[in-house]
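These notes concern the structure reproduced below.
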């Protein structure tokens, strides 16, 4: 199961840009994912997408949230959130410098 399936998803905003006819030519959409992390603060990522409408034909109120998510490519957002969450929760490897290393002992 993908981490995005467990995340809480909420709309932050959807701002339409309209043409002279009142039809949407572009949406600026912000959609937020939040998922708890054991022993840490919740992991939160907000996707901020500008979506051009190729053939403007609808007023802002004619759109549904589901349509906006489709325009944002929600499947891609889900995939990216899952990847980002996995990186965020994976322990980082321990890196050490050996300042006592003696290069003169190499051939």
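Does residue 104 count as assigned to a helix (DSSP H, G or I), more than 26 Å from the chain's Cα centre (by Cα) and over 13 Å from residue 2 (Cβ atoms)?
yes
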What pairs can you find where one residue is in the stretch 70-83 and on the phi < 0 side of the Ramachandran plot, the other is in a helix (DSSP H, G or I) and at pLDDT below 95, and their Cβ atoms are less than 7 Å apart, with a gap of 6+ or different chains?
78/4; 81/3; 81/4; 82/3; 82/4
Among 88, 76, the single one that is at pLDDT 95 or above and surrounded by 10 or more Cβ atoms within 10 Å (Cβ to Cβ) is 76
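The values are calculated or read from the model by the stated rules, or taken from the named source; none is laboratory data. Because the structure is a prediction, the values reported are computed rather than measured. So basically every Cβ, Gly included, is an ideal-geometry build from the backbone, and we count neighbours across all protein chains shown.
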